Amino acid sequence: MIDGNNFDMAGEASSTVKRMLTKLGVAPPLIKRAAISMYEAEINAFIHGGGGSAHVDISDEKLEMVVEDSGDGIPDLDLAMQEGWSTASEQVRRMGFGAGMGLPNIKKNSDLLSIETEEGEGTKVTMIIYIREDKNT
């Protein structure tokens, strides 16, 4: 659960994923990509969606991370995918967030990215990172 009212907990889901993958012996470069992707999605859900949920499935072949929120949705996904584009409030920007790098960073660090969003209905971000080396080439 991503608590949209508790900023102290922002980043907790990505930290949990990182610890879990480390215990499983996943290669450090893949852990880094997963942690970055999860963190960006989690922070977006926190800032723009008022919180939400995170679900992670790990198999021998892939890591699938899904972050959902019930916020206002993304009005223009093409714009949101551009580096530097942000709708974050001034307050969020003053705290060091909202630089418009979230979705571009997720895309860069995930092997597959799916974003389902509808204005007024929230957003679902599905990120897949392949663990098996033959899938990463």
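Taken together, the values in this text are just the output of simple stated rules run on the coordinates, not laboratory data. As the structure is a computational prediction, the values presented were derived from the model and not from experiment. Note: ideal-geometry Cβ built from the backbone for every residue, glycine included; neighbour counts use all protein chains shown.
Points worth noting:
- Cα-Cα P(r), the chain, percent of pairs per 5 Å interval: 2, 11, 21, 24, 20, 12, 7, 2, 0
- FRET efficiency for Ser53 and Arg93, using Cβ-Cβ distance with R0 set to 35 Å, rounded to 0.05: 0.85
- Neighbours of Pro104, meaning other residues whose beta-carbon lies under 10 angstrom from its beta-carbon, give a summed charge of 0 when Lys and Arg score +1 and Asp and Glu score -1.
- GNM remark for the chain: springs join alpha carbons under 10 Å apart, and the peak mean-square fluctuation among Glu118, Glu68, Glu40 falls on Glu118.
- Whole-Å semi-axes of the ellipsoid equivalent to the stretch 22-72 (Cα gyration tensor, √5λ, descending): 24, 11, 7
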